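Beneath this line is the structure, given in structure tokens, with notes to follow.
The values are calculated or read from the model by the stated rules, or taken from the named source; none is laboratory data. In this text the structure is predicted, and so the values were computed from the model without any measurement. Neighbour counts run over all protein chains shown; Cβ positions are idealised from the backbone, glycine included.
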Amino acid sequence: MIKLIRKILVVVLIIYVALFGLTKAIRYPEPIAAIKLGLAPASKTPDLMPAHVIKAVPGTPLQQGVLEEIDQVTWNGKKQDFEVFLKETNTNAFLIIRNGKITFEQYWNGKTKSTVLPSYSVAKTMTSLVIGQLIDEGKIKESDTFVSVLPQFRAGTSFDKVTIKDLLDMNSGIGVSDNYPTGPSGWGVAIAQMYASTDIDWFVMHNRKMTEEPGTFPEYRSVNTQLLGLIVQKVTGQHLADAFSERVWQKVGADFNATWNVDRVGGHEKAFCCFNATARDYARVGLALMTSEPKIASTSWKARLSTPAVTLDYGWGYGAQMWHPYPGINLMLGLHGQYIYQDALHDTVIVKLSDMPTSADGISSKVAVVLREISEKN
């Protein structure tokens, strides 16, 4: 029995060493850390990767409005109790701000108003806010190519023609698809490698293959935003987290520090996915964008964010890293059920943060129906 146990331990050790070598070669976290990251629910992932802190300077507290009750909503094509919708979409936080005041705020699963929660692709819009400011300042132009800012990534192919505009509108043609299978098999594809990467520079250098010519075929690809994040870091000489803190987070008067997960401390923020904050502070960004108070986007960049440039998933409009599910609606959207819904006509911002499994990806059109119904309630 002792010999058998020894043999098993030796085999396990050999397998672990082999996996350790493999993960190091492809710039993944060590095997146990990678497994934990792959199995964790969405709300737990911010603590499983290194991060840079986005410093807050608290401003005027959000005011409490008249509390509203929501009895039923149209969910899955029929009227159902609101609580059913919240439960079936694994909601952690739901917040409504009408006319600048909180009218609904509720948390589940041990979360509170001070809990920092991930936003996944909501981070894309956060990155775009900084890009917009740099364009307004004349430091970059939408017509600039990525490699004109970061020439070390020149590939000698049509990759070198990709412009900032192409990246903003998901129109670059770079061959890193966001489609990946669920479960362990999904961790071998490029988008998962970028998510878990411990070396973003290495990832980009090894993923410059083009699927289409730039500007010819819009498709949602997170790699586009990652390249925008690298541009911010190069042009400002700051980490994306620091630039965002100064240019957005402190301006909106966020109550709490946020975090932005990175490939390694001192390295690059994962600009496409890994911004983490509280529900109220997400709402502050949505409110500032909608009302221009405080001003975190110029009139021209606000118009850019609010104007669809291409059509992507669900037949929704998309432009400058912002979704447009309905006319006049701006939506920041993230995997696993993260939503910042902005309805200027009804002066309403809705934040929904969730723990939906990856297998549930694709239900956002159904969730949007509920958010629209609630927003237009008054």
Please work out which residue is farthest from residue 49 (Cα to Cα), limiting yourself to the stretch 120-158 and to residues that are in contact with a Leu (Cβ under 7 Å, 6 or more places away or on another chain) and aromatic (Phe, Trp, Tyr). 146
Selection from the stretch 306-323 of residues that are touching a Ser or Thr at 6+ places or on another chain (Cβ under 8 Å) and either crowded, with 22+ Cβ neighbours inside 10 Å or in a strand (DSSP E or B) (or both): 317, 318, 319, 320, 321, 322
Find the residue count for the stretch 334-378, including only residues that are among the β-branched types (Val, Ile, Thr) and assigned to a strand (DSSP E or B). 5
Got at least one residue in the stretch 332-347 being in contact with a Lys or Arg (Cβ under 7 Å, 6 or more places away or on another chain), under 26 Å from residue 113 (Cα atoms), surrounded by fewer than 23 Cβ atoms within 10 Å (Cβ to Cβ) and not aromatic (Phe, Trp, Tyr)? yes
Across the stretch 69-106, the tally of residues that are touching a residue at least 40 places away in the same chain (Cβ under 8 Å) and closer than 23 Å to residue 358 by Cβ stands at 9
Within the stretch 43-59, the residues that are surrounded by 19 or more Cβ atoms within 10 Å (Cβ to Cβ), not small (Gly, Ala, Ser) and not in a loop (DSSP other than H, G, I, E, B) are 45, 46, 52, 54
Do the conditions hold for residue 264, that is, is it in contact (Cβ under 8 Å) with a residue 12 or more places away in the chain, of a type outside the set (Val, Ile, Thr) and crowded, with 16+ Cβ neighbours inside 10 Å? no
For the stretch 176-289, which fully contained helices (runs of 4 or more DSSP H) count at least 3 residues that are under 18 Å from the mean Cα position of the chain (by Cα) and outside the structural domain of residue 93 (by TED's automatic domain parsing)? 190-196, 223-236
Which residue is surrounded by the most Cβ atoms within 10 Å (Cβ to Cβ), if the candidates are limited to the stretch 226-261 and must be closer than 12 Å to residue 130 by Cα and among the hydroxyl-bearing types (Ser, Thr, Tyr)? 245
Is it the case that residue 212 is surrounded by fewer than 22 Cβ atoms within 10 Å (Cβ to Cβ) and closer than 17 Å to residue 53 by Cβ? no
